[in-house]
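What follows is one structure encoded as structure tokens, with my remarks underneath.
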Amino acid sequence: MGFISTLGVLLSGALLVVSNDTQCTNPTVRREWRTLSRDERAAWISAVKCLAANPHNPDLIATVNSSISQIPAMNTSASFWDDISYMHMDLNVKIHQTGMFLPFHRWFVHSVEQAMIDKCGFSGGFPYWNWTIDAPDFYTSSWWQDSDPESGIGGWGDPDKDYEVQDGAFAGFPLAYPSYHPLRHQYTAQPFAAFAASSPTIAQFFNSTMLETFANSTFHTDQIAAIIAGNPGDYVGFQQSLDNWIGAHGSVHAITGGDLAGTCPATTDDCIPGNKWSPNSPLFFLHHAMIDKIWSDWQNLNGTSATAFYGGSVQAFDNTTYFAEYPNGALPMLNTSSQIYTDNMFPGGTIGDVMNHTAGYLCYVYE
Ligand SMILES: [Cu+2]
């Protein structure tokens, strides 16, 4: 695709335009899943399955000490799709509740899309899941009603079969981590008590009201509109409003349960639950495209928000006071020159490279 330079130029001695952005032309359009045609949905799903049919990427390396990441050893007979999940498991502590959260996941969705294009002939235009449509009645919403074997997301997993998804295009979708099992989705209306119980570190951040919160009460249309309109120019405030302990991001993971929440399959012993392997579920990428759209909408609403970035590189979970001071990561601080962590899975770049998704190597818009 072509690019138009808007670099400042001197013409007849007068400085005309000063901007360092190189705006891309012909951006791909990211649309809500339910506005796609059946063929478009089937094309995205077949690209997911194509990545799952591709072999392990031998370039992938775990970079976090295993005593910290607490993940199983890399399975070199797993698929390329499993590698995508594995790198997220490895990098878990560096990409959540840190300044890397939004940049990493923007880069991650883009990188998966690029792999779909390069390896699988996907034509681009990544879909997103606008779950505000589903918030009023998440369990019975239209999202879970499409059982088409080629284009449907499928319904909830069967409780008698460990919540394995039984219909739609992802029934029996095979996954290697934390151990081999088919895709699972398990409706969980009030997920936070179990989440807090999974770790004393996490438990200290929950009060009784939070423990009993219905997850779908956090991602209604008006709430997301308020997040987009709130905290102009304040990156930390914005990130917190989207990603606090019972915020929209985590709530969609947790209410969907199963692989999107990283609950342990029944057949796995020695498993520590958590969102680590949530990219197992293809819904992860539709969900994170929506998170990215919310960041994009916030960036575009106020001039100062477009380039706002502030965050640290280390989770500040020592205690609630420290976390209140550094909710999106403590020292050392990140900046727009910081490299996004890749585990050598995909080509990398800096945080600055992904601040604008219509310039540089990113070229897409949301509809
Ligand atoms: Cu993540």
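Is at least one residue of segment 54-66 among the small types (Gly, Ala, Ser), surrounded by 17 or more Cβ atoms within 10 Å (Cβ to Cβ) and within 17 Å of the chain's Cα centre (by Cα)?
No: segment 54-66 contains no residue that is among the small types (Gly, Ala, Ser), surrounded by 17 or more Cβ atoms within 10 Å (Cβ to Cβ) and within 17 Å of the chain's Cα centre (by Cα).
Within segment 193-242, can you find the residues that are among the aromatic types (Phe, Trp, Tyr) and closer than 28 Å to Tyr310 by Cα?
Listed by number, the residues that qualify are Phe195, Phe205, Phe206, Phe219, Tyr235, Phe238.
Say we look at segment 270-326 and pick out the residues that are free of Cβ contacts under 8 Å to residues at least 60 places away in the same chain and surrounded by 20 or more Cβ atoms within 10 Å (Cβ to Cβ); which of these is nearest to the ligand (Cβ to nearest atom)?
Phe284
Are there any pairs, at least 6 apart or on different chains, whose C-beta atoms fall under 7 Å, with the first in segment 67-96 and farther than 17 Å from Cys271 by Cβ and within 11 Å of the ligand (Cβ to nearest atom) and the second of a type in the set (Ser, Thr, Tyr) and in a loop (DSSP other than H, G, I, E, B), and if so, which?
As it stands, the answer is Leu91/Tyr341; Lys94/Tyr341; Ile95/Tyr341, since those pairs meet every condition given.
Scan segment 147-164 residue by residue and report those that are without any contact (Cβ under 8 Å) to a residue 60 or more places away in the chain and under 23 Å from the mean Cα position of the chain (by Cα).
Listed by number, the residues that qualify are Gly154, Gly155, Trp156, Glu164.
Please enumerate the residues belonging to segment 247-264 that are part of a loop (DSSP other than H, G, I, E, B), surrounded by 22 or more Cβ atoms within 10 Å (Cβ to Cβ) and either more than 14 Å from the ligand (Cβ to nearest atom) or acidic (Asp, Glu) (or both).
Gly257, Thr263
Condition first: out of contact with any Asp or Glu (no Cβ under 6 Å at 6 or more places or on another chain), more than 13 Å from Leu362 (Cα to Cα) and either within 12 Å of the ligand (Cβ to nearest atom) or part of a loop (DSSP other than H, G, I, E, B) (or both). Now tell me which residues in segment 106-138 satisfy that.
Gly121, Phe122, Ser123, Pro127, Trp129, Trp131, Thr132, Ile133, Asp134, Phe138
Only one of these conditions is not met by Thr342: (1) assigned to a loop (DSSP other than H, G, I, E, B); (2) within 16 Å of the ligand (Cβ to nearest atom); (3) over 24 Å from Cys363 (Cβ atoms). Which number is it?
Failed condition: (3).
In the list Pro273, Pro279, which residue meets the criterion of being within 27 Å of Ala169 (Cα to Cα) and over 14 Å from the mean Cα position of the chain (by Cα)?
None of the others qualify; the one that does is Pro273.
How many residues are at pLDDT 95 or above and either farther than 15 Å from Asp148 by Cβ or not in a helix (DSSP H, G or I) (or both) when one looks only at segment 25-52?
The number of residues fulfilling the criteria is 13.
Let's see how each residue does on (1) crowded, with 22+ Cβ neighbours inside 10 Å; (2) of a type in the set (A, V, I, L, M, F, W, C); (3) over 17 Å from Asn280 (Cα atoms):
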{"position": "Thr140", "(1), (2), (3)": "no, no, yes"}
{"position": "Ser147", "(1), (2), (3)": "no, no, yes"}
{"position": "Trp156", "(1), (2), (3)": "no, yes, no"}
{"position": "Val165", "(1), (2), (3)": "yes, yes, no"}
{"position": "His185", "(1), (2), (3)": "yes, no, no"}
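The values are calculated or read from the model by the stated rules, or taken from the named source; none is laboratory data. The structure displayed is predicted, hence computed values, not measured ones. Counting neighbours? That spans all protein chains shown, and the Cβs are built from the backbone with ideal geometry, glycine included.
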